[in-house]
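Q: Questions regarding the structure given below will be posed in turn.
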Amino acid sequence: MIVACPDGPLLVRGEVDIFSTTGEEIQQNRKTIALCRCGVSTIKPFCDGSHKLVNFRTEPPEPEATT
Ligand code: FES
């Protein structure tokens with residue numbers, strides 16, 4: 001199961017195999033992992049919480065009301 005967190009990572013639950021862009025398997029032994037989708041994490045492909053520091057948003061901001 002994959003859950004897209006609002007303004008955050010993709011949570012992946014269940015058994016998955018993860019490979020780098022060069023085809024090497026990335027070892028992980030957790031039942032739930034968080035994959036970065038903001039592009040800022042220092043431990044890609046995993047989320048390190050940096051999305052909060054850069055105010056990552058998955059939805060465009062609401063338009064400002066005109067008066
Ligand atoms: S989504 Fe969390 S660091 Fe990128």
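The values are calculated or read from the model by the stated rules, or taken from the named source; none is laboratory data. These numbers come from a predicted model, not from an experiment. Here the Cβ positions follow ideal geometry from the backbone for every residue, glycine too, while neighbour counts run over all protein chains shown.
Q: Which of the following residues is free of Cβ contacts under 8 Å to residues at least 60 places away in the same chain and within 8 Å of the ligand (Cβ to nearest atom): VAL12, VAL40?
A: VAL40
Q: Filter the range 50-67 down to the residues that are under 19 Å from ILE2 (Cβ atoms) and within 11 Å of the ligand (Cβ to nearest atom) and list them by number.
A: The answer is HIS51, PHE56, THR58.
Q: Next up: Considering only the range 10-34, state which residues are part of a loop (DSSP other than H, G, I, E, B), on the phi < 0 side of the Ramachandran plot, loosely packed, with under 10 Cβ neighbours inside 10 Å and of a type outside the set (Val, Ile, Thr).
A: GLU15, ASP17, GLU24, GLN27, ASN29, ARG30, LYS31
Q: Sticking with this structure for a sec: Give the residues of the range 15-37 that are within 16 Å of ILE2 (Cα to Cα) and within 16 Å of the ligand (Cβ to nearest atom), sorted by residue number.
A: Result: ILE18, ARG30, THR32, ILE33, ALA34, LEU35, CYS36, ARG37.
So that you can scan it fast, the table gives a plain yes or no per residue for (1) at pLDDT 95 or above; (2) within 10 Å of the chain's Cα centre (by Cα):
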{"residue": "ILE2", "(1), (2)": "yes, no"}
{"residue": "GLU15", "(1), (2)": "no, no"}
{"residue": "GLN28", "(1), (2)": "no, no"}
{"residue": "ALA34", "(1), (2)": "yes, yes"}
{"residue": "GLY39", "(1), (2)": "yes, yes"}
{"residue": "ASP48", "(1), (2)": "yes, yes"}
{"residue": "LEU53", "(1), (2)": "yes, no"}
{"residue": "ARG57", "(1), (2)": "yes, no"}
